[in-house]
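K.L.:
I have a structure I would like to understand better, so I am pasting it below and will then ask my questions one at a time.
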Amino acid sequence: MLELILTTWDALPEILQIVLKIVVIVVPIMLSVAYLTLAERKVIGYIQVRIGPNRVGPKGLLQPIADGLKLLMKEIIIPTNSNRYLFIAAPIIALAPALAAWAVIPFNAELLLSDLDAGLLYILALTSFGVYGIIIAGWASNSKYAFLGALRSAAQVVSYEIAMGFALVGVLLAAHSLNIRDIVEAQAGGVFHWFWLPLLPLFVVYFLAGVAETNRAPFDVAEGESEIVAGFHVEYSGMCFALFFLAEYANMILIAALTALMFLGGWYSPFPGLPVIGEPSIIWLFAKMSVFLFLFLWFRATFPRYRYDQIMRLGWKVFIPVTIVWLLVVAVAVLAELGPWFD
Amino acid sequence: MAEIRNYTLNFGPQHPSAHGVLRLVLELDGEVIERADPHIGLLHRGTEKLAEHKAFNQNIGYMDRLDYVSMLANEHGYVLAIEKMLGTVPPVRAQYIRVMFDEVTRILNHLLWLGAHALDIGAMTVFLFAFREREDLFDAYEAVSGARMHATYYRPGGVYRDLPDTMPKYETSKWHNQKEVNKLNENREGSLLDFLEDFTRRFPGYVDEYETLLTDNRIWKQRTVDIAIVSPERALQMGLTGPMLRGSGVEWDLRKKQPYEVYDQLDFDIPVGVTGDCYDRYLVRVAEMREANKIIKQCIDWLRANPGPVIVNDVKVAPPSRENMKGNMEAMIHHFKLFTEGYCVPEGEAYAAVEHPKGEFGIYLVSDGANKPYRLKIRAPGFAHLAALDEMSRGHMLADVVAIIGTQDIVFGEVDR
């Protein structure tokens, strides 16, 4: 049976093989996105002494499906004064890079779509591309609120992209590679071999910049519910609106995965040497991602929103200097071959 | 060079932080506010005019609907004005009940304010925490008057009826079994006073919870410290009252300066701010919640020890007892007269003000000797506060306008009347 599957697989044209692989990655991502929304509502619900959705399906488990169906059925309203082509294109531009970035994410040493040597650069390029969707959406809507949201988003992403880039340079220095699989493998051997310890400030800055990049609270000024109503997607409805949300949540998962891979040793177990739980496994990667995803939700439930200029100040005056200084420290440590990470 | 014009943004009336129906026309230079022009009247219901066509007692219900988050405090102002003209003094027990419910109302109002203000600034959890406590206070309203919000409980000459000896209890349902229901009913076994006392014991802990989330939170401080500073002089000139004035450091509180009811016999402090920014006003209001809790506690102790009548024994103003009415012809006539014609208030005018949770809530009443007001003028604190919005928000950013609307504690029921 297995042999039969393998032979048919090999018999398939290569393009079909790639498409199938993409489907195998994208479908679980979309499912996780759907259930992340449910998790968010449940987690925030319990933080806020309420229960969260519990009526659709057993324990509310079908809620995301119901939400998705509802949004699919809704009319997509295109404002008369909007630029209709850009208006439709914007959500697609927002979602595409969020999914495309997964091409280079390794789930364990063998399981990955493309073993790109410039993986880190590819990630950096694609994550910054997502903001075009937001800017175009804000511009094409031809609404003042959306326009303000787009401007805020542009400024925010430009500043945080720099901090994020510098944090990645630190990882690159430490791992001597741009290939994400190699970066993870450079961290083999227990909690203290992972990069979070030598790169602690970069780790923190990277994750916080990631929160800012995904426009999540407390950095959600582009959306700014209570100020500019919904910011860039104020004019969107139905599936177009849903695409922005899919993009936002897919980006959250992506940031969680990247942080886990680059700073917390990816699929490596924190207890190497022990039987079963000491084995490197994809489950460890998912566990680490869940921790970061929970942090996203926790932040949202706890913190007030920054003001737009305060975000800029935090980005330029705190995050960027911290990353630059720590880059120097890492460079010196690498030169000195400081163990156990850089020897 | 191209002509550069400022950006005009129509903020509201359908805006999540317009606190109802505020329409603000903002002139923006980038995100900086050049001018903020509040438009009012979208919730105008003509309360003052309606009042001229209704017997005095029938207007009490309209007062609840002015500032619909501090219902009984509005009633208090109106009832005091009528009492001033009639010359009636309610029994002491009624005065204590009124003071107790005024303070319950103050907590209700400040909880909603805190929740909404925090939500405007982006911290959503406080809102739901605050509503958990509001639920208990609404239950107290319900137990005493039958309505959870628009109580219509105060009457000229006292209050409608005495405090109940039992609290309504939860019952089992599809969602709650007996065990859960027993837990929910734990503090409802005794009288209303027991229920409120249990609340006063728990409440300081709850306030600590809100403060953990906000007071020392760096983001919260960045968003509120030095935003919309009002100097004490300007605050007085602009007619700000209540926490808006005390936040600027002016120690003015009608409960201390012009004591009404039994406030002069109660022990409480007036918190004041220093700089007069949003953060100080936040601290003042949080401290006021703690003070209100103290006052409620004192009232409960007094009310426990001193039973007695809760409305004057004057059949011209207050209805006779139900029992009396059924058997006594004269009482029956009084009852009929009171509920159809009402009572006549001697010719003249009066102004009565209470320290409403939002500031000085005053009622100016003119009577021509008839059974309904000749003119009723409502001095709503929110109106003066809203007028200060332009000055307070100039030079700040768009996100700060939201914080300023929040700090003003605007409710359109009273602004538009």
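The values are calculated or read from the model by the stated rules, or taken from the named source; none is laboratory data. Treat the numbers as computed from the prediction; the structure is a model and nothing was measured. Heads up, the Cβs are rebuilt from the backbone with ideal geometry, glycines too, and the neighbour counts pull from every protein chain shown. All accessible areas refer to the heavy atoms of the entire protein, side chains included, with ligands and DNA or RNA removed. Shrake-Rupley method; radii C 1.70, N 1.55, O 1.52, S 1.80 Å.
K.L.:
Can you tell me which of (1) under 18 Å from the mean Cα position of the chain (by Cα); (2) more than 14 Å from chain B (Cβ to nearest Cβ) is the one A:L208 doesn't meet?
P.N.:
Every condition holds for A:L208 apart from (2).
K.L.:
Also: When only residues in segment B:207-225 that are open to solvent by 40 Å² or more (accessible area, probe 1.4 Å) and more than 8 Å from chain A (Cβ to nearest Cβ) count, which is farthest from the chain's Cα centre (by Cα)? Show your work before the answer.
P.N.:
Taking segment B:207-225 first, the residues open to solvent by 40 Å² or more (accessible area, probe 1.4 Å) are B:208-209, B:211-212, B:216, B:218, B:221-222, B:225.
Filter once more, so that each one left must be more than 8 Å from chain A (Cβ to nearest Cβ): B:208-209, B:211-212, B:216, B:218, B:221, B:225.
Details: B:D208: 22, B:E209: 23, B:E211: 22, B:T212: 25, B:D216: 27, B:R218: 30, B:K221: 26, B:V225: 26 Å.
Step by step, filter segment B:207-225, then rank; the result is B:R218.
K.L.:
Could you go through segment B:108-127 and let me know if any residue there is assigned to a helix (DSSP H, G or I), within 14 Å of chain A (Cβ to nearest Cβ) and charged (D, E, K, R).
P.N.:
Yes, segment B:108-127 contains a residue that is assigned to a helix (DSSP H, G or I), within 14 Å of chain A (Cβ to nearest Cβ) and charged (D, E, K, R).
K.L.:
Specify which of the listed residues (B:R148, B:R65) is of a type outside the set (S, T, N, Q) and closer than 27 Å to B:R375 by Cβ. Step through it out loud before you land on a result.
P.N.:
Numbers: B:R148 fails: closer than 27 Å to B:R375 by Cβ.
Only one candidate passes the filter, namely B:R65.
K.L.:
Looking at segment B:365-417, which of its residues are among the acidic types (D, E), buried (at least 24 other Cβ atoms within 10 Å of the Cβ) and not in a helix (DSSP H, G or I)?
P.N.:
B:D409
K.L.:
Condition (residue is open to solvent by 60 Å² or more (accessible area, probe 1.4 Å) and part of a helix (DSSP H, G or I)) applied to segment B:139-162: is it met by at least one residue?
P.N.:
Scanning segment B:139-162, I find at least one residue that is open to solvent by 60 Å² or more (accessible area, probe 1.4 Å) and part of a helix (DSSP H, G or I), so the answer is yes.
K.L.:
Another question, then. Filter segment B:9-37 for residues that are over 14 Å from A:K144 (Cα atoms) and among the polar types (S, T, N, Q) and give the result.
P.N.:
B:Q14, B:S17
K.L.:
I'd like the residue in segment B:15-32 that is more than 9 Å from chain A (Cβ to nearest Cβ), under 19 Å from B:G406 (Cα atoms) and without any contact (Cβ under 8 Å) to a residue 60 or more places away in the chain and, out of all such residues, is least open to solvent (accessible area, probe 1.4 Å).
P.N.:
Selected residue: B:V25.
K.L.:
Would you confirm, using the coordinates I've provided, whether A:A103 is under 21 Å from A:C240 (Cα atoms), in a helix (DSSP H, G or I) and away from every other protein chain (no Cβ under 14 Å)?
P.N.:
In short, no.
K.L.:
Continuing with the same structure: Kindly check whether there is at least one residue in segment A:122-135 that is buried (at least 20 other Cβ atoms within 10 Å of the Cβ), part of a helix (DSSP H, G or I) and of a type outside the set (V, I, T).
P.N.:
yes
K.L.:
Turning to a different aspect of this structure: Of all residues being polar (S, T, N, Q) and either more than 19 Å from the chain's Cα centre (by Cα) or surrounded by fewer than 23 Cβ atoms within 10 Å (Cβ to Cβ) (or both) in segment A:154-196, which is nearest to the other protein chains (Cβ to nearest Cβ)? Just the residue, please.
P.N.:
Here the answer is A:S159.
K.L.:
Mind telling me which of the residues A:P13, A:P28 ends up being closer than 25 Å to A:A257 by Cα and surrounded by fewer than 19 Cβ atoms within 10 Å (Cβ to Cβ)?
P.N.:
Result: A:P28 is the single residue among A:P13, A:P28 that is closer than 25 Å to A:A257 by Cα and surrounded by fewer than 19 Cβ atoms within 10 Å (Cβ to Cβ).
K.L.:
I'd like the full set of residues that are under 25 Å from the mean Cα position of the chain (by Cα), of a type in the set (G, A, S) and more than 14 Å from chain B (Cβ to nearest Cβ), limited to segment A:48-75.
P.N.:
Those that are under 25 Å from the mean Cα position of the chain (by Cα), of a type in the set (G, A, S) and more than 14 Å from chain B (Cβ to nearest Cβ): A:A66, A:G68.
K.L.:
Ok, one more. Looking at segment A:217-261 only, could you name the residues that are more than 14 Å from every other protein chain (Cβ to nearest Cβ), over 13 Å from the mean Cα position of the chain (by Cα) and aliphatic (A, V, I, L, M)?
P.N.:
Result: A:M239, A:A242, A:L243.
Residue-by-condition table, conditions (1) open to solvent by less than 60 Å² (accessible area, probe 1.4 Å); (2) not in a loop (DSSP other than H, G, I, E, B):
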{"residue": "B:L283", "(1), (2)": "no, yes"}
{"residue": "B:A287", "(1), (2)": "yes, yes"}
{"residue": "B:N293", "(1), (2)": "yes, yes"}
{"residue": "B:R304", "(1), (2)": "no, yes"}
{"residue": "B:K316", "(1), (2)": "no, no"}
{"residue": "B:K326", "(1), (2)": "no, yes"}
{"residue": "B:E330", "(1), (2)": "no, yes"}
{"residue": "B:F336", "(1), (2)": "no, yes"}
{"residue": "B:V345", "(1), (2)": "yes, no"}
